[in-house]
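The values are calculated or read from the model by the stated rules, or taken from the named source; none is laboratory data. Just so it is clear, the model here is predicted, and its values are computed rather than measured. Here the Cβ positions follow ideal geometry from the backbone for every residue, glycine too, while neighbour counts run over all protein chains shown.
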Amino acid sequence: MELKLKRHPLNPLFGPNPDHLWESRFVFNPAVVYDGELFHMLYRAQGEDMVSRLGYAVSVDGVHFNRMEKPVFEPQELNELYGVEDPRLTFINGKYYMCYTAYSPDNISVALASTKNFFIWERYGIVLPESPNKDAGIFPEKVNGKYIMIHRLEPDIWFAYSDDLIHWGNYVKIASPREGYWDNLKIGLGGPPIKTKYGWLMLYHGVEEASRNIYRLGFMLLDLDDPTKVLKRSEKPILEPEETWEKFGGVPTVVFSDAIVEYKDEYYIYYGAADNYIALATISKDEVFKWILE
């Protein structure tokens with residue numbers, strides 16, 4: 001069975017805003033959470049200075065978003081000199097924990113912050129100091145008494161473990177690129193995984209080596225009790241650049257996601273297209289479960 005995401009007919013949901021210098025060139029790679037009433041989005045934006053900042057948008061239906069005029073999270077430290085990039089959000093113990101990439105001339109490293117309202121933030125600084133390291137997100141609950149953070153030491157997907165969400169270590173590699181497949185160059189986390197009765201459903205991106213590298217999306221299913229075990233993996237991509245606005249832009253031939261949201265009987269997958277736009281694709285839970293069980 002081959003899974004395919006369905007693009008929303010209103011795509012792209014939104015693009016750069018020329019009236020705001022901080023997001024006048026590119027908006028992309030959003031993190032999204034649904035709190036039972038509202039969809040909250042943090043999205044990466046670049047303006048005239050090409051420094052990445054995070055904007056905030058909110059929606060009742062997950063499609064029509066109202067955006068703030070100013071960024072809600074900006075570089076503060078020298079290790080964020082070039083920007084704060086690619087957020088991923090997980091709700092744990094009454095807070096939203098945000099993994100993001102701190103980017104400077106000296107590092108591309110995983111940093112962490114938390115918030116209750118998306119406007120006031122507690123920063124924990126760089127928590128995975130290796131460089132380059134990115135594509136990080138946290139499981140929504142402890143597994144076997146430990147918090148797990150997924151991250152990418154190129155070209156592979158790794159886990160790190162923690163007792164307190166702040167101090168991380170004990171790295172374990174769980175998945176690698178596959179020769180001859182659509183993800184033969186490097187792979188990384190999409191949105192933080194979702195718990196199902198069949199296992200942890202993890203969205204990920206794969207890059208195919210070509211004259212212009214192509215970014216696509218797929219699924220992995222991880223064992224509930226031992227998530228280092230990959231039970232199933234997409235043989236073919238579930239989303240790939242096909243629309244003109246996904247093929248051409250700041251970085252061509254890219255669909256890149258930081259967010260999979262469980263909403264009613266569907267999964268909503270938000271993604272950046274060619275580093276230019278923010279878009280939405282969906283798939284029914286039934287389809288995913290049939291794929292798992294086939």
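Candidates A175, A160, A111: the one that is buried (at least 17 other Cβ atoms within 10 Å of the Cβ), closer than 16 Å to D226 by Cα, touching a Gly at 6+ places or on another chain (Cβ under 8 Å) and of a type in the set (G, A, S) is A160. Scanning segment 260-268 finds one or more residues that are of a type outside the set (S, T, Y), surrounded by 15 or more Cβ atoms within 10 Å (Cβ to Cβ) and under 19 Å from M1 (Cα atoms). For segment 67-75, does any single residue satisfy the condition of being crowded, with 19+ Cβ neighbours inside 10 Å, outside any loop (DSSP other than H, G, I, E, B) and under 17 Å from the mean Cα position of the chain (by Cα)? Among the residues of segment 67-75, at least one is crowded, with 19+ Cβ neighbours inside 10 Å, outside any loop (DSSP other than H, G, I, E, B) and under 17 Å from the mean Cα position of the chain (by Cα), which makes the answer yes.
Consider I292 carefully, then state whether it is surrounded by 14 or more Cβ atoms within 10 Å (Cβ to Cβ), aliphatic (A, V, I, L, M), at pLDDT 95 or above and part of a strand (DSSP E or B). No; evaluated as a whole, the condition is false for this residue. Among the residues making up segment 50-62, those that are surrounded by 13 or more Cβ atoms within 10 Å (Cβ to Cβ) and either closer than 21 Å to Y100 by Cβ or without any contact (Cβ under 8 Å) to a residue 40 or more places away in the chain (or both) are V51, S52, R53, L54, G55, Y56, A57, V58, S59.
Filtering segment 220-259 to residues that are among the β-branched types (V, I, T) and either over 25 Å from I138 (Cα atoms) or surrounded by fewer than 20 Cβ atoms within 10 Å (Cβ to Cβ) (or both) leaves T228, V230, T244, V251, T253.
Looking only at residues that are more than 19 Å from A113 (Cα to Cα), among the hydrophobic types (A, V, I, L, M, F, W, C) and under 18 Å from the mean Cα position of the chain (by Cα) in segment 1-49, which one is surrounded by the most Cβ atoms within 10 Å (Cβ to Cβ)? Please lay out each step first, then the result.
Keep residues of segment 1-49 that are more than 19 Å from A113 (Cα to Cα), which gives 1-28, 36-39, 46-49.
Subset that is among the hydrophobic types (A, V, I, L, M, F, W, C): 1, 3, 5, 10, 13-14, 21-22, 26-28, 38-39.
Next cut, under 18 Å from the mean Cα position of the chain (by Cα) only: 5, 13-14, 26-28, 39.
Working: L5: 22, L13: 22, F14: 19, F26: 22, V27: 27, F28: 29, F39: 22.
Of everything passing the filter in segment 1-49, F28 is surrounded by the most Cβ atoms within 10 Å (Cβ to Cβ).
Note on segment 142-256: enclosed strands (runs of 3 or more DSSP E) holding 1 or more residues that are closer than 15 Å to T90 by Cβ are 147-153, 156-162, 186-189, 194-196, 199-208. Evaluation of I278 against the conditions (1) free of Cβ contacts under 8 Å to residues at least 40 places away in the same chain; (2) assigned to a strand (DSSP E or B) shows that the sole unmet condition is (1). How about segment 1-47: which of its residues are assigned to a loop (DSSP other than H, G, I, E, B) and of a type in the set (G, A, S)? Answer for segment 1-47, where residues must be assigned to a loop (DSSP other than H, G, I, E, B) and of a type in the set (G, A, S): G15, S24, G36, G47. Mind checking which residues of segment 109-141 are of a type in the set (A, V, I, L, M, F, W, C), more than 16 Å from the chain's Cα centre (by Cα) and not in a loop (DSSP other than H, G, I, E, B)? Passing the criteria: W121, I126, V127, L128. Any residue at all in segment 242-257 that's closer than 27 Å to Y97 by Cβ and among the charged types (D, E, K, R)? The answer is no; no qualifying residue exists.
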